[in-house]
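The values are calculated or read from the model by the stated rules, or taken from the named source; none is laboratory data. Quick caveat, the model's predicted, so the values are computed rather than measured. In this analysis, Cβ positions are derived from the backbone assuming ideal geometry, glycine residues included, and neighbour counts consider all displayed protein chains.
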Amino acid sequence: MPRRIIIFDTTLRDGEQCPGASLEVHEKLEIARQLARLGVDVIEGGFPFASPGDAKAVRQIAQTVKGPTICALARSLAGDIDAAAQALAPAANRRIHVFLATSPIHMKYKLRKAEDEILRQAVWAVKYAKKHCRDVEFSPEDASRTKPEFLFEVLEAVITAGATTVNIPDTVGFAIPEEFGRLIAAIKAKVPNIERARVSVHCHNDLGLAVPNSLSAVKNGADQVECTVNGIGERAGNASLEEIVMSLKIRRDFFNAQAGVDTTQIAKTSRLVSALTGIVVQPNKAIVGDNAFAHESGIHQDGILKHHKTYEIMRPQMVGLRESKLVLGKLSGRHAFAERLKALGFRLSTEELDRAFARFKGLADKKKEVFDDDLIAIVEEELPTVPELYKLTYVHTSSGSETVPTATIRLTTAGKTIEDAACGDGPVDACYKTIDRITGFSPELVDYSLRAVTGGTDALGEVTVKLRHKQTEVTGRGTSTDIIEASAKAYVNAINRLVASSRRPDIRRGRRSLTP
Ligand code: KIV
Ligand code: ZN
């Protein structure tokens, strides 16, 4: 039976100490709610004595977020502990986290205190916090640079004083995985009352080792890992939550341990934290970077298409993403190219595909990434022109904050002009509803994108729409300096493709014949 590892999330406390990241109270609350959905065990909401904003945020989280234990940080001082206790009061499950530095360098220069004074203050702080709260965590700050014998003595004393969790911080990211694992094993072996408390670790990333150190600690018996979403935090950051959780999940065989987190919430949580803190996730960041599930090399793409396990140790769906990305560039092969065209709704003969692939390779040599729009342009030149069964001759819309959006559309078909009007959720929606009324189609709008082809406010706008009707998907494009007109043109162009694919099997967009 795998050991259950407690995930203590400190995104809102240590994570917010990341240079440039600052969160409003309501933003902290939104993140805390998402952390609860993610299923973390403990949320460290802030350091209430340090700022009124933190005190307010911890209190609101304590009032409203159900599920996880809510924790607040305090120095080993009465004022800090009182502020933490007050902010946490509404929480059903609460924890006060007190800390005091124990390394020679911190004791001498920062605190100007001797070992016996530190020992007394730590014990006093735990006992004082215990008066407010059953669940008290103690952190000997800079533990990894603390003399081991003194560290063991402090841990034994705070556990006797009532600490329920003892957290071992690698405050300055100095530890090396093997050595940090040995420290945890030594704590487990040498602190006589260690069984009465949980052992936690809290690693910083100054040498890029926060995650390996945390995992080495787990392997050596740590029960709790402190971490942050996207690994944000002071200086180079903290251990990244998603890397810890997914390492435990993917390598359960090695760790024989698991977290109680719903991993499908990881991508959403990462995006939320990045959007609200303004800290961009590097593209090659493990698990949540843009490229974490993107494959560029042709050999890899071919492998993935044959069996995803060839180049993926986890599925993107496990972390809440829809699918892996096959980036089309100069290294991509024919297999990935053909699959992408299929996904875009094109069916090409072998000769058409050969010609289109040769043109794609030429373009990829000049361009780093080839996008769907480029592919559509390439393929359209290889395919027979779509007959213009419906032609847009007039479009008029009215919309505004006090007006129901309405569109009047005129289409000509087979020498006849048909005019109709409809309302919608916006002017574009109104146009599409009107075109549906005239043509008798009511396809699903799968995708809509608008881009400026040229610069300036008079830019030519190009709209691309993807429509799905029964089993068939088609793409349509339209350009105009008026984006409503471009939108209507794109839609009519796509409808013409639907009609063409139902009538003419030689135009191989779509997979089946269809009727409106
Ligand atoms: O890094 C650290 O030592 C801390 C403590 C307060 C746990 O953040
Ligand atoms: Zn820290």
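Taking the criterion of being farther than 17 Å from Asp80 by Cβ and assigned to a helix (DSSP H, G or I), would at least one residue in region 132-144 satisfy it?
yes
Taking the condition of being within 15 Å of ligand 1 (Cβ to nearest atom), among the aliphatic types (A, V, I, L, M) and assigned to a strand (DSSP E or B), how many residues in region 7-42 meet it?
Number satisfying all stated conditions: 1.
Return the total of residues in region 313-329 being assigned to a helix (DSSP H, G or I) and not aliphatic (A, V, I, L, M).
Adding up the residues that qualify gives 2.
Please return the ranges of helices (runs of 4 or more DSSP H) entirely within region 237-312 where 2 or more residues are among the aliphatic types (A, V, I, L, M).
Counting at least 2 such residues, we get 241-250, 266-277, 298-306.
Would you point out which residue out of Ala186, Ala91, Ala125 is part of a helix (DSSP H, G or I), closer than 30 Å to Val65 by Cα and in contact with a helix residue (DSSP H, G or I) (Cβ under 8 Å, 6 or more places away or on another chain)?
It is Ala125.
Please identify the pairs in which a residue from region 95-113 that is among the hydroxyl-bearing types (Ser, Thr, Tyr) has its Cβ atom under 6 Å from the Cβ atom of a residue that is part of a strand (DSSP E or B), counting only partners at least 6 apart or on another chain.
Close Cβ pairs satisfying both conditions: Thr102/Pro140.
Please tell me if Ala36 is under 20 Å from Val136 (Cβ atoms) and either at pLDDT 95 or above or assigned by TED's automatic domain parsing to the domain that holds Ala175 (or both).
Judged against the criteria, Ala36 is not a match.
Determine, yes or no, whether Arg235 is within 28 Å of Thr263 (Cα to Cα), out of contact with any helix residue (DSSP H, G or I) (no Cβ under 6 Å at 6 or more places or on another chain) and in contact (Cβ under 8 Å) with a residue 12 or more places away in the chain.
Details: within 28 Å of Thr263 (Cα to Cα): yes; out of contact with any helix residue (DSSP H, G or I) (no Cβ under 6 Å at 6 or more places or on another chain): yes; in contact (Cβ under 8 Å) with a residue 12 or more places away in the chain: yes.
Against the criterion (within 28 Å of Thr263 (Cα to Cα), out of contact with any helix residue (DSSP H, G or I) (no Cβ under 6 Å at 6 or more places or on another chain) and in contact (Cβ under 8 Å) with a residue 12 or more places away in the chain), Arg235 qualifies.
Looking at region 1-21, which of its residues are away from ligand 2 (no atom under 16 Å from the Cβ), surrounded by fewer than 20 Cβ atoms within 10 Å (Cβ to Cβ) and either of a type in the set (Lys, Arg) or touching a residue at least 24 places away in the same chain (Cβ under 8 Å) (or both)?
Within region 1-21, Pro2, Arg3, Arg4, Ile6, Gly20 qualify.
Filter region 43-70 for residues that are away from ligand 1 (no atom under 16 Å from the Cβ) and free of Cβ contacts under 8 Å to residues at least 24 places away in the same chain and give the result.
Within region 43-70, just Pro52 meets the criteria.
Can you name every residue in region 394-425 that is of a type in the set (D, E, K, R) and assigned to a loop (DSSP other than H, G, I, E, B)?
Listed by number, the residues that qualify are Glu402, Asp425.
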